[in-house]
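Novice: Got a structure for you, questions after.
The values are calculated or read from the model by the stated rules, or taken from the named source; none is laboratory data. Predicted model only: the values in this text are computed from it and were never measured. Here the Cβ positions follow ideal geometry from the backbone for every residue, glycine too, while neighbour counts run over all protein chains shown.
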Amino acid sequence: MKNTYDVAIVGGGINGASIAYQLSKLGRKVIIIEKGELACQSSSAAAGMLAAQAELEQDGPLFQLALKSQAMFSSLSEELFEATGIDIELTYNGMLKIAETEEIAEEVKKQVIYQRKWDPAIKWLDANEIRELEPALSLNVAGGMYLPNDGNVQPTKLSKAFAKAALDFGAEIREYTEVLSFLFEKGQVTGVKTTHGIIHCGQVVVAAGAWAAELMRGSGLNLSMYPVKGECFSIKTEKPIINTTIFSDKRCYFVPKRNGEIYIGATMVEHSFDATVTPGGIAELTARAVHIIPSISNAAVMRVWSGIRPQTGDGLPYIGEHPNWKGLFIAAGHFRNGILLSPITGILTAKLMEGKLNKDPFLSAFRLDRHKEMIF
Ligand SMILES: Cc1cc2nc3c(=O)[nH]c(=O)nc-3n(C[C@H](O)[C@H](O)[C@H](O)COP(=O)(O)OP(=O)(O)OC[C@H]3O[C@@H](n4cnc5c(N)ncnc54)[C@H](O)[C@@H]3O)c2cc1C
């Protein structure tokens, strides 16, 4: 029947595309429904860091999820290149998590000891050693944690590679189509109502990023989610001024990309769906950035942009099935780490939807009903 699929994926960001790839590889008939264009929201605003250890300082389900996903990038990059010809620009250029005061240095040194459990190559660099590695760093930098095995990707290319690989396995993508609500029958989801008509399907997965909670409200779930806007800019210099990704606890990072640009991010504006880039946001970010690498004040600004991160009340993404409606799944709420988490999100969500992980204890931390008050 026309407009009938095994699975409808709501949202064509990096997570929707990754899930589509995994499901269509398994032979499922999949459609991605996207209200704008593929990867038009957070997934194209990201810096593409794969910063499990720099972003997540505590062990726990999210940290373990991030480590597993991080380890998948090398083979994924080859797999997607072979399948689609798209180079996701995976670059293992290392990362420096810097400390700008002696007090923060003590904290970061503790993280070094802790993180070496997962990667013995991680080490502390003192003020002299860190400037030997990256001479452009200001004298304010007291030292830092060096993660030589860290890397980054080009997030839009990764989203497009997932989507193209899914298309090659028979998936369809419908852009400029918004999902308005779900259709249910006898405790089971049967389709979605969109701005361009009804789509029938046996399963739905909501991968709608920061917009997921609003849509899920129509299914009786009150997920604890909120948007966090982030503004960025990029610069280019005649000669490269840094090679390593530099990450400051003061909400500022520098990510050198393959094309010579350095992405500098990012502000954190909670509860804002307004993607406007403001002079105030860029000024605040520039002040922090110049404090860390003074020579960037003479660089050419290439672009400014913003994106909306999907945050959850407890900081963990939602990956699971609706507690009351069979066949309705969600994979959203990846906050600052959705690019890093996209490979594992695709694999786990596809397995869940195939009924292969229902009782997996690892996934219980990400269940939709982990807080009982979420269900109306
Ligand atoms: C400035 C910034 C920097 C970041 N840097 C990094 C980084 O370095 N590393 C990292 O791992 N992560 C980073 N992130 C986080 C990462 O970008 C997100 O976690 C990730 O992109 C979320 O992907 P997603 O597919 O879940 O959501 P999105 O990319 O937001 O995709 C959701 C899609 O759903 C669509 N949609 C919503 N509602 C509907 C509907 N009703 N019907 C149809 N379509 C709908 C939207 O249009 C959107 O395209 C950053 C984010 C920002 C903003």
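Novice: Looking only at residues that are touching a residue at least 40 places away in the same chain (Cβ under 8 Å) and either in a strand (DSSP E or B) or not assigned by TED's automatic domain parsing to the domain that holds residue 301 (or both) in segment 256-275, which one is farthest from residue 288 (Cα to Cα)?
Specialist: 270
Novice: May I ask you to list the residues in segment 81-91 that are within 18 Å of the chain's Cα centre (by Cα) and either within 27 Å of residue 143 (Cα to Cα) or crowded, with 20+ Cβ neighbours inside 10 Å (or both)?
Specialist: Hits for segment 81-91 are 88, 90, 91.
Novice: Only one of (1) under 30 Å from residue 14 (Cα atoms); (2) touching a residue at least 60 places away in the same chain (Cβ under 8 Å); (3) surrounded by fewer than 20 Cβ atoms within 10 Å (Cβ to Cβ) fails for residue 163. Which number is that?
Specialist: (3)
Novice: Residues of segment 170-205 being part of a strand (DSSP E or B) and touching a His at 6+ places or on another chain (Cβ under 7 Å), which ones?
Specialist: Of everything in segment 170-205, those that are part of a strand (DSSP E or B) and touching a His at 6+ places or on another chain (Cβ under 7 Å) turn out to be 190, 191.
Novice: What are the pairs with Cβ atoms under 6 angstrom where one residue, in segment 238-255, is over 12 Å from residue 55 (Cα atoms) and outside any strand (DSSP E or B) and the other, located anywhere, is away from the ligand (no atom under 11 Å from the Cβ) and polar (S, T, N, Q)? Sequence gap at least six, or different chains.
Specialist: Once the first residue is over 12 Å from residue 55 (Cα atoms) and outside any strand (DSSP E or B) and sits in segment 238-255, its partners that are away from the ligand (no atom under 11 Å from the Cβ) and polar (S, T, N, Q) give 241/295; 243/93; 244/93.
Novice: All but one of (1) crowded, with 17+ Cβ neighbours inside 10 Å; (2) under 19 Å from residue 2 (Cα atoms); (3) acidic (Asp, Glu) hold for residue 150; state the number of the condition that does not hold.
Specialist: The failed condition is (2).
Novice: Please go through segment 93-106 and pick out each residue that is assigned to a helix (DSSP H, G or I) and either free of Cβ contacts under 8 Å to residues at least 40 places away in the same chain or touching a helix residue (DSSP H, G or I) at 6+ places or on another chain (Cβ under 7 Å) (or both).
Specialist: Residues satisfying the conditions are 103, 105, 106.
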